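See structure below.
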Amino acid sequence: MATRLRADARRNRAALLAAAREVFAEQGLDASLDEIARRAGVGNATLYRRFPSRRHLIAEVFASHMTAAVHLAEQALEHPDPWAAFVGYLTRVCELQATDRGLAELLVTTAFDDDERLAALRVAAQRRAVDVLIRAQRAGRLRSDFTRDDLGLLMMANAGVAQHSADPHAWRRQLTLVIGGLGTRPV
């Protein structure tokens, strides 16, 4: 039976998670835990009482993000047009990466695969993404030589463009060029 938190402890936990989402999005997974505690308006001891390590905090913050990535792929699989579904899925995932540096880093690393929840969500997200990819290939719209590994490389490239370009929308242009090269007919 899980212990029920007092109202102030629930508020502190919620404030820490909100601050962590914000700080990780801005600064990436190596962001200062002191900064997270400061933005949450709590002391470091409160942060460590709720989340004994950076890994615990990251897992809690990004489990919902990884769940959203699974849902994006599932929604794409429900779209009647396999190519539009692939392009829409890819665009949305790249946009999430571009607007959340922590998520961008998490999507291209296996460093947190020892966390069972994140590892399971990563596997589910990758499996569903491959289903979206294969569906577009079977429809004859996506190059047959585009693989799961290529999708991973595309995500790494997008993360790099989003993080290192002075133009916050450079990722979108880069993705448009890549998508143009992936289709089997003009898009």
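Scan the range 176-186 residue by residue and report those that are within 14 Å of residue 146 (Cβ to Cβ) and either at pLDDT 95 or above or of a type in the set (A, V, I, L, M, F, W, C) (or both). Explain how you work it out, then say what you get.
In the first step, residues of the range 176-186 are kept if they are within 14 Å of residue 146 (Cβ to Cβ); the result is 178-184.
178, 179, 182 - these are the residues of the range 176-186 that are within 14 Å of residue 146 (Cβ to Cβ) and either at pLDDT 95 or above or of a type in the set (A, V, I, L, M, F, W, C) (or both).
Being open to solvent by less than 60 Å² (accessible area, probe 1.4 Å), touching a strand residue (DSSP E or B) at 6+ places or on another chain (Cβ under 7 Å) and within 19 Å of residue 66 (Cα to Cα) is a property that residue 151 lacks. Among the conditions (1) touching a Ser or Thr at 6+ places or on another chain (Cβ under 9 Å); (2) among the small types (Gly, Ala, Ser); (3) modelled with pLDDT of 90 or more, the only one that residue 14 does not satisfy is (1).
Being within 30 Å of residue 12 (Cβ to Cβ) and open to solvent by less than 60 Å² (accessible area, probe 1.4 Å): is that true of residue 90 here?
On the way: within 30 Å of residue 12 (Cβ to Cβ): no; open to solvent by less than 60 Å² (accessible area, probe 1.4 Å): yes.
Against the criterion (within 30 Å of residue 12 (Cβ to Cβ) and open to solvent by less than 60 Å² (accessible area, probe 1.4 Å)), residue 90 does not qualify.
Applying the condition of being open to solvent by less than 30 Å² (accessible area, probe 1.4 Å) and within 17 Å of the chain's Cα centre (by Cα) to the range 1-32 and asking which residue is nearest to residue 64 (Cα to Cα) yields 17.
Looking at the range 33-52, can you tell me whether even one residue there is in contact with a Leu (Cβ under 9 Å, 6 or more places away or on another chain), surrounded by 12 or more Cβ atoms within 10 Å (Cβ to Cβ), of a type in the set (Gly, Ala, Ser) and modelled with pLDDT of 90 or more? Checked against the condition, which is being in contact with a Leu (Cβ under 9 Å, 6 or more places away or on another chain), surrounded by 12 or more Cβ atoms within 10 Å (Cβ to Cβ), of a type in the set (Gly, Ala, Ser) and modelled with pLDDT of 90 or more, the range 33-52 yields at least one hit. Sub-7 Å Cβ pairs linking a first residue in the range 126-140 that is assigned to a loop (DSSP other than H, G, I, E, B) to a second residue that is among the β-branched types (Val, Ile, Thr), at least 6 apart or interchain, are 140/184, ordered by first then second residue. In the set (1) open to solvent by less than 30 Å² (accessible area, probe 1.4 Å); (2) under 13 Å from the mean Cα position of the chain (by Cα), the condition left unmet by residue 132 is number (2). Restricted to the range 1-104, the set of helices (runs of 4 or more DSSP H) holding at least 2 residues that are closer than 19 Å to residue 117 by Cβ comprises 7-27, 54-78.
So for the range 155-163 (the condition being over 19 Å from residue 102 (Cα atoms), part of a helix (DSSP H, G or I) and touching a Lys or Arg at 6+ places or on another chain (Cβ under 8 Å)), does at least one residue qualify? Can you show your working first?
So in the range 155-163, the residues over 19 Å from residue 102 (Cα atoms) come out as none.
So far as the range 155-163 goes, no, none of its residues is over 19 Å from residue 102 (Cα atoms), part of a helix (DSSP H, G or I) and touching a Lys or Arg at 6+ places or on another chain (Cβ under 8 Å).
Among the conditions (1) of a type outside the set (Lys, Arg); (2) part of a helix (DSSP H, G or I); (3) out of contact with any helix residue (DSSP H, G or I) (no Cβ under 6 Å at 6 or more places or on another chain); (4) at pLDDT 90 or above, residue 120 misses just one, which is (4).
The values are calculated or read from the model by the stated rules, or taken from the named source; none is laboratory data. Note that this is a predicted model, so its numbers are computed, not measured. As a convention, Cβ positions derive from the backbone with ideal geometry for all residues, glycine included, and neighbour counts pool all protein chains shown. Each accessible area value is taken on the protein alone, full model and side chains, heavy atoms only, with ligands, DNA and RNA left out. Shrake-Rupley method; radii C 1.70, N 1.55, O 1.52, S 1.80 Å.
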